[in-house]
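Structure first, then comments.
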Amino acid sequence: MIVAGWRARLRWLAPSGGAAMVMVAALVRAPAHAGSESREALILSGGLTRADSDRPVERVFVVPPGTSQIDLDLTCAGTQHDACLDFGARGPGGIRGWSMAGHGHVHIDALSASYGYLPGAIEPGEWHVMLGAAPDHDEGERSYQVTIRLSDRPTGARPVLRSAPGWFAGDLHVHSGHSDGYHLDRLGHEVPVSVRDLNVDAGAAHLDFLAVTDHNTVSHWIDVDRAQATSPDLLLLHGREITTARGHFNAIGERRFTDFRLGPERPMRRLLADVAKDGAFLSVNHAWLSSDQWCAGCGWMDRDAETLQEVSGIEVLNGSTPVLAGELPGWTWWADLLNRGERLVAVGGSDVHDPIDGHAAIGRPSTVVWASALSEDAIVAGLKSGRVFVRAVPKEHSFVDLAATSDRITATMGQAISQGRLTLTAHLRGVAGQQCSWIRRGNVVQSSDVHADDQTLTLSTDAVPGDWFSVIVRRHGQPSLLSNAVYVQDERGVFAGR
Ligand SMILES: [Zn+2]
Ligand SMILES: [Zn+2]
């Protein structure tokens, strides 16, 4: 989105230095940076000579009120690399950063910024691009072009790592030292867990995405953005575990900081609605725990339908709360909610706080999502769709997909199908020797042994409105895969429980 009216208010000012500089200033359309929305761009062109090398040459551009992010791209004529000169940015409040030659793209917004730059509010007024000739520059003129993009979106474009659809596995719940993720170093001192530590472990666990969900703060997002720059195979999601005295919930894919505090005028359902405004996926965490001195607010208190309408998911497995004797208290609550007519996505998260010495491990459990791409927007949309399963045990290729077919109509996990005779199909991989249980309204209706590494099981049944079906795969009684639900709706297309 373009800042309203910014083009009309745009004006060009004379350079504040660089007498030898050739001024060619124009407002033109330029292609947006990869992965970002299309935006009009301002282009500053010119040339620098050795005479300009004593101090940076400054070019002015005007930032209108309401601007929330700036992207700058520097290129030079005749150079193979993106950048050719040192350059930086100066806002009304002071210098925001400086890049040495070779790094041609800079992003600045309120919460994040490229390496070498300070995040913070984008003040309206006169900003300057600062240009410094490289010291080894020869006698001739070096032509440059700076492309400036301004936007009123709350944060920058988020990367697309893979553009083809597929199943993507990730951990939706980990903590860094930006909240309470700490480990002991070699000297026995408590030191914060860095986003990079988490990143390395997630790669080793063969995950495609990782949500760093520190408690209440978003100070880790700048580390997430910077770690992403060196992580072409692992998508780092902007997450947060919003932590209150009445329960914890995860927000995945937030775009801005939203106050986490409850109050007399802000009950849980209002807080949830506020956080979800930008489209984040919200899931209730470890709802089965009790709230006590060890973990204040860990249990979920507001269990009314009005509040739960504001969330999309339920954490049915939490890696820091081991499954005892095959019990699934989180899954049982999820099943109870579906029985009363809620449609909620079952997810899992390791809740790792110490990936080095702690008892929880990244990716145990993981949440596997069918998504249109490996990008934050696509993963969030995939989570909301419900075509998702939980992999309790880290095993790269273990897989379950569930569908129901009736009269040539097929519903996948997260979707609803009309009542009547249904054929349920569970496609399983990597679980030979384990046992698959068919679930109807929370109860096991039939169990089958899985013999092959790639096997499709079917079950024919009559279904009535309010039914829902899922499968759980177990190994020696311990769950290894949990599917999401296919719902049965009435003739009006409503799933209302019963
Ligand atoms: Zn928690
Ligand atoms: Zn947590």
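The values are calculated or read from the model by the stated rules, or taken from the named source; none is laboratory data. Quick caveat, the model's predicted, so the values are computed rather than measured. Neighbour counts are summed over all protein chains in view; Cβ atoms, including those assigned to glycine, are modelled from backbone coordinates with ideal geometry.
Take the conditions (1) more than 15 Å from ligand 2 (Cβ to nearest atom); (2) surrounded by 15 or more Cβ atoms within 10 Å (Cβ to Cβ); (3) modelled with pLDDT under 95; (4) not charged (D, E, K, R); Val311 misses just one of them, which is (3).
Total residues in region 160-189 satisfying the condition of being among the acidic types (Asp, Glu) and within 16 Å of ligand 2 (Cβ to nearest atom): the figure is 2. When region 239-281 is limited to residues that are within 14 Å of ligand 2 (Cβ to nearest atom) and free of Cβ contacts under 8 Å to residues at least 40 places away in the same chain, the one that is farthest from Asp171 (Cα to Cα) turns out to be Ile242.
Being under 23 Å from Ala378 (Cα atoms) and either assigned to a helix (DSSP H, G or I) or among the β-branched types (Val, Ile, Thr) (or both) is a condition met by no residue of region 175-194. Among the residues making up region 284-332, those that are assigned to a loop (DSSP other than H, G, I, E, B) and away from ligand 1 (no atom under 16 Å from the Cβ) are Arg303, Asp304, Gln309, Glu310, Ser312, Val323, Leu324, Ala325, Gly326, Glu327, Leu328.
Is there a residue in region 346-355 that is surrounded by 23 or more Cβ atoms within 10 Å (Cβ to Cβ), within 26 Å of His175 (Cα to Cα), more than 16 Å from ligand 1 (Cβ to nearest atom) and not polar (S, T, N, Q)? Yes, that holds for at least one residue. Within region 184-217, the residues that satisfy the criterion of being within 16 Å of ligand 1 (Cβ to nearest atom) and under 13 Å from Asp171 (Cβ atoms) are Ala211, Val212, Thr213. Residues in region 241-265 that are surrounded by 14 or more Cβ atoms within 10 Å (Cβ to Cβ) and more than 16 Å from ligand 1 (Cβ to nearest atom) were compared, and the one that is nearest to Trp331 (Cα to Cα) is Gly253.
Of all residues in region 347-389, those satisfying the criterion of being of a type in the set (Asp, Glu), at pLDDT 95 or above and at negative phi are Glu376, Asp377. When His183 is tested against the conditions (1) surrounded by fewer than 16 Cβ atoms within 10 Å (Cβ to Cβ); (2) closer than 23 Å to Asn250 by Cα; (3) at pLDDT below 95, the lone failure is (1).
Evaluating Ala381 against the criteria (1) among the hydrophobic types (A, V, I, L, M, F, W, C); (2) surrounded by 22 or more Cβ atoms within 10 Å (Cβ to Cβ); (3) in a helix (DSSP H, G or I) leaves one unmet condition, (2). Here Ser163 does not qualify as surrounded by fewer than 22 Cβ atoms within 10 Å (Cβ to Cβ) and in contact with a Gly (Cβ under 7 Å, 6 or more places away or on another chain). Within region 195-233, the set of residues being more than 16 Å from ligand 2 (Cβ to nearest atom), touching a Phe, Trp or Tyr at 6+ places or on another chain (Cβ under 7 Å), outside any helix (DSSP H, G or I) and not aromatic (Phe, Trp, Tyr) comprises just one member, Asp208. In the condition set (1) modelled with pLDDT of 95 or more; (2) farther than 24 Å from Ser398 by Cα; (3) surrounded by fewer than 23 Cβ atoms within 10 Å (Cβ to Cβ); (4) not small (Gly, Ala, Ser), Arg196 is compliant with all but (1).
Among the conditions (1) in contact (Cβ under 8 Å) with a residue 40 or more places away in the chain; (2) away from ligand 2 (no atom under 15 Å from the Cβ); (3) under 24 Å from Asp357 (Cα atoms), Pro192 misses just one, which is (1).
Quick grid of which residues meet (1) outside any strand (DSSP E or B); (2) within 32 Å of the chain's Cα centre (by Cα):
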site: Thr410; (1), (2): no, yes
site: Ile417; (1), (2): no, yes
site: Arg421; (1), (2): no, no
site: Val444; (1), (2): no, no
site: Ala452; (1), (2): yes, no
site: Thr461; (1), (2): no, no
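Taking region 463-478 as the range and being touching a helix residue (DSSP H, G or I) at 6+ places or on another chain (Cβ under 9 Å) and surrounded by fewer than 23 Cβ atoms within 10 Å (Cβ to Cβ) as the test, the residues that pass are Gly466, Ile472. Looking at this structure, is Gly279 assigned to a loop (DSSP other than H, G, I, E, B) and not aliphatic (A, V, I, L, M)? Spelling it out, Gly279 is indeed assigned to a loop (DSSP other than H, G, I, E, B) and not aliphatic (A, V, I, L, M).
Would you check if Ala251 is small (Gly, Ala, Ser), in a helix (DSSP H, G or I) and at pLDDT 95 or above? No.
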